[in-house]
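The structure under discussion appears below in the form of structure tokens.
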Amino acid sequence: MSQHHRLAPVREMRPAQQRESCSDLVRRAERLAVSRPHQPLSVSAICRTLMVSERTLRNAFNELHGVPPCRHLRMLRLLQARNVLLAADRELTTVTNVATAWGFSELGRFSVEYRRAFGESPSQTLDGRIRTCCTGVDHGVNALS
């Protein structure tokens, strides 16, 4: 990644600087989580890749989203899985394949979190039986809180 640079400690920045720095860090973490869906979400691995401390990453996510990085990034992956299920041909796609492709190895937990976030089961989404209004990460993150 070409954006390997150290961030100044958040406490040393002005509020506008803080917000911009947090936003940049969170965006880079989100891109990383989505670009490697088959790999388990590990905050420590993300921090090593982005060259920041876990505290810095946690503070950035709390500042922007009010939730820890793992929860937000997990929801981001749930949303990506949902987008695949919405667009998929149910004759060629299974919920299991989509869930595991996005790093969810515990299928029961995936299903419970998915239903809590989107108001329907993954199989209902795939079958096109129910279409709910919630498609944003923010709604889903709040649903998992």
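The values are calculated or read from the model by the stated rules, or taken from the named source; none is laboratory data. Just so we're clear, the structure is a prediction, and the values are computed from it rather than from any experiment. Every residue, glycine as well, gets a Cβ built from its backbone with ideal geometry; the counts of neighbours run over all protein chains shown. To get the accessible areas, we keep the full protein, side chains included, count just its heavy atoms, and leave off ligands, DNA and RNA. Shrake-Rupley method; radii C 1.70, N 1.55, O 1.52, S 1.80 Å.
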- Query: Name the pairs whose Cβ atoms lie under 9 Å apart, with the first residue in the stretch 22-33 and closer than 13 Å to LEU73 by Cβ and among the β-branched types (Val, Ile, Thr), the second open to solvent by less than 40 Å² (accessible area, probe 1.4 Å) and part of a helix (DSSP H, G or I), and 6 or more positions between them or separate chains?
  - Reply: VAL26/LEU57; VAL26/ALA60; VAL26/PHE61; VAL26/PRO69; VAL26/HIS72
- Item | Residues of the stretch 25-60 satisfying the condition of being surrounded by 15 or more Cβ atoms within 10 Å (Cβ to Cβ) and over 13 Å from the mean Cα position of the chain (by Cα) | LEU25, CYS47, THR49, LEU50, VAL52, THR56, LEU57, ARG58, ASN59, ALA60
- Task: Pull up the stretch 61-90, narrow it to residues that are in a helix (DSSP H, G or I) and more than 18 Å from VAL34 (Cα to Cα), then point me to the one that is most open to solvent (accessible area, probe 1.4 Å).
- Result: GLU63
- Message: Restricting to the stretch 91-119, give me the number of residues that are crowded, with 18+ Cβ neighbours inside 10 Å and not aromatic (Phe, Trp, Tyr).
- Response: 6
- Which pairs have Cβ atoms under 6 Å, sit 6 or more apart or on different chains, and link a residue in the stretch 91-110 that is assigned to a loop (DSSP other than H, G, I, E, B) to one that is of a type in the set (A, V, I, L, M)? TRP102/ALA81
